[in-house]
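Take a look at the structure set out below.
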Amino acid sequence: MSAVPVLQPSSVPGRARGFLSGASEIDDAPVDIRGELPTWLAGTLLLNGPALWELPGGRLEHWFDGYGMWHALRIGGSGVRYRSRFCVSESLRRSREAGAPVFGEFGTANPANFFTRLRGPQVTDNPSVVMSRHGDRWLSVTESPFLTYFDPTSLETRQRLGLGHAGEAMHLMSAHGFTLPDGSYLNVGTELGPKCTIKVFRLAPGAVKPTVIARIKVPKAGYMHAIALAPGHALVWETALRANALAFRFGSRSYANNFGWEPGRGSSIHAVALDSGALRSWRVPPMMAFHATQAWADGGDLVLEMPIYDDRQVFEDLRIDDRRANRPLRSEVRHVRYRLREGRSEAEPEDIAGAAIELPQVHPARIGQARARVCWGAGNGEHGEFLDRTHRVDLDSGETRTWQRVDATQLEPLFVPRPGGSDDDDGVLLVPTLADGDETTVIGVIDARSMDCLAELRTPQIVPFGFHAAFDPARA
Ligand SMILES: [Fe+2]
């Protein structure tokens, strides 16, 4: 094996340093505060994301692939403190031991040889994507059915729970689950086979076996990164990227390449009633999507708002070499609304007025409860610049307000509501950014209504670009 050097900051310029390996585990370090933090803002900001793409004998090839790291910023009366820890997944542990990736990842081919693959599927558990609460615990996941529990204060890895088992097979899982009011974890897994079964499940607090609420039989499962929660319903969509079950079981290709773009099959949106498991489905034109902005009920209709793509180009745009070279994006995101009418079996996307966004956010108290009239998200530039602005979009009028640092990448704007506030936008956004001239990551604290920057938090190191954040107000 030839040694693969860790790219040094000098070899990758400016904001693209956010795509480099090299972040350290830091125990407890001060965060530099510029400006005035709201006095009510107290708690722990948790960030998650890939942080290591190179090992001595091999490398990972996609932004999504890097071995995950958790970062915690504890915001309290005496200031802000930072800590970071690698997620000690099986994928990281075994790959470090081997000195090279042992598992295939999203955009990295499966390195296992044919005989190893014959013995059983080789599935990554690298939990670098989404953090969720389950009862009083925190877990972290990728798109496979493994839950990695961690301590949100120490960031120590606690326990790994595999959800797929003999009686209830599950090979894929949406990364974005929801915590229901009783602390249950709601999510969707997919059993691959000659025919596929999408399983909407609930994991009660403390439980280790999921209870399946509904099974949706489909000929060929679609790529699924998230689901949406509407009042009383889980909304599940099938993208036109269709899973090749045999390739997942025996093949050597990357996770992403086990899906084929099959627009002829179209796409579907399913609504599952959480109390009865009753299923309604609508056919929609072929699309690719990661996230929902929100879902809400309007009489007997359900409405789903989400960023979508017309092809799979976004997967290619986010390969690590392209991002380190800061190449323009070729994919285009649209922000659309599907009205899922009662008694109909088809729906068409309608463009939502205002700026197109990715990594969408709404007030967390609205999710699954009521319609939010304001959302936020990260936006791309007019010439394919990768996520370089933060938008607030009025979902009625389309009015867009934008916060933009000069020459910076701006990631998911996590909305933190002001305690006691009631408006959809009464709170702040916490936005990780890195500009060409920054020494370390700058987290913007943004008034979520005016989009004015109130303060900046400068972390002790560059936090590699991740996807999603969480806020735990109980841990100030
Ligand atoms: Fe996501």
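The numbers here are math on the coordinates, done by the rules we state, and not lab data. Computed from a predicted model, the values in this text were never measured in an experiment. Heads up, the Cβs are rebuilt from the backbone with ideal geometry, glycines too, and the neighbour counts pull from every protein chain shown.
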Condition check: acidic (Asp, Glu), within 22 Å of residue 65 (Cβ to Cβ) and away from the ligand (no atom under 16 Å from the Cβ). Does residue 321 satisfy that?
yes
Is it the case that some residue within the range 322-330 is more than 21 Å from the chain's Cα centre (by Cα) and closer than 30 Å to residue 180 by Cα?
no
Scanning the range 59-71 for residues that are assigned to a strand (DSSP E or B) and buried (at least 24 other Cβ atoms within 10 Å of the Cβ) gives 67, 68, 69, 70, 71
When you check residue 219 against the structure, is it touching a residue at least 60 places away in the same chain (Cβ under 8 Å) and surrounded by fewer than 23 Cβ atoms within 10 Å (Cβ to Cβ), yes or no?
no
Restricting attention to the range 347-370, which residues are of a type outside the set (Asp, Glu) and either within 16 Å of the ligand (Cβ to nearest atom) or without any contact (Cβ under 8 Å) to a residue 24 or more places away in the chain (or both)?
357, 359, 360, 361, 362, 364, 367
Looking only at residues that are more than 20 Å from residue 217 (Cα to Cα) and either among the polar types (S, T, N, Q) or more than 16 Å from the ligand (Cβ to nearest atom) (or both) in the range 242-292, which one is surrounded by the most Cβ atoms within 10 Å (Cβ to Cβ)?
254
Based on this model, can you work out whether residue 311 counts as part of a loop (DSSP other than H, G, I, E, B) and of a type outside the set (A, V, I, L, M, F, W, C)?
yes
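Each row is one residue, and each column tells you yes or no for (1) touching a Leu at 6+ places or on another chain (Cβ under 8 Å); (2) within 16 Å of the ligand (Cβ to nearest atom); (3) of a type outside the set (Gly, Ala, Ser).
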position	(1), (2), (3)
84	yes, no, no
94	no, no, yes
97	no, no, yes
106	no, yes, yes
154	no, no, no
159	no, no, yes
164	no, no, no
Given (1) within 16 Å of the ligand (Cβ to nearest atom); (2) at negative phi, number of the condition residue 457 does not satisfy:
(1)
Would you tally the residues in the range 27-58 being surrounded by fewer than 17 Cβ atoms within 10 Å (Cβ to Cβ), of a type in the set (Val, Ile, Thr) and touching a residue at least 40 places away in the same chain (Cβ under 8 Å)?
1
Which listed residue, of 104, 79, 120, 99, is touching a residue at least 12 places away in the same chain (Cβ under 8 Å) and over 23 Å from residue 24 (Cβ atoms)
104
Spot the failing condition for residue 397; the list is (1) within 16 Å of the ligand (Cβ to nearest atom); (2) of a type in the set (Gly, Ala, Ser); (3) more than 17 Å from the chain's Cα centre (by Cα), and only one is missed.
(1)
Give the number of residues within the range 59-94 that are in contact with a strand residue (DSSP E or B) (Cβ under 7 Å, 6 or more places away or on another chain) and either over 16 Å from residue 142 (Cα atoms) or among the aliphatic types (A, V, I, L, M) (or both).
16
How many residues does the range 188-211 hold that are under 22 Å from residue 121 (Cα atoms) and not in a loop (DSSP other than H, G, I, E, B)?
8
Residue satisfying condition, being more than 22 Å from residue 312 (Cβ to Cβ) and under 23 Å from the mean Cα position of the chain (by Cα), within set 230, 243:
230
Residue check, residue 356 against (1) closer than 29 Å to residue 180 by Cβ; (2) out of contact with any Ser or Thr (no Cβ under 8 Å at 6 or more places or on another chain); (3) of a type in the set (A, V, I, L, M, F, W, C), all met but one. Which one?
(1)
Between a residue in the range 456-469 that is farther than 13 Å from residue 439 by Cα and any residue that is within 16 Å of the ligand (Cβ to nearest atom) and charged (D, E, K, R), which pairs come within a Cβ distance under 7 Å, given they are 6 or more apart or on different chains?
467/412; 468/412; 469/412
For the range 87-98, indicate whether the set of residues that are part of a loop (DSSP other than H, G, I, E, B), surrounded by fewer than 23 Cβ atoms within 10 Å (Cβ to Cβ), over 19 Å from the mean Cα position of the chain (by Cα) and among the small types (Gly, Ala, Ser) is non-empty.
no
Any chance residue 389 is more than 19 Å from residue 354 (Cα to Cα) and away from the ligand (no atom under 16 Å from the Cβ):
no
Collect the residues in the range 20-51 that are under 23 Å from residue 314 (Cβ atoms) and assigned to a strand (DSSP E or B), keeping them in residue-number order.
47, 48, 49, 50, 51
Out of all the residues in the range 195-214, is one or more touching a residue at least 24 places away in the same chain (Cβ under 8 Å), within 16 Å of the ligand (Cβ to nearest atom) and touching a strand residue (DSSP E or B) at 6+ places or on another chain (Cβ under 9 Å)?
no
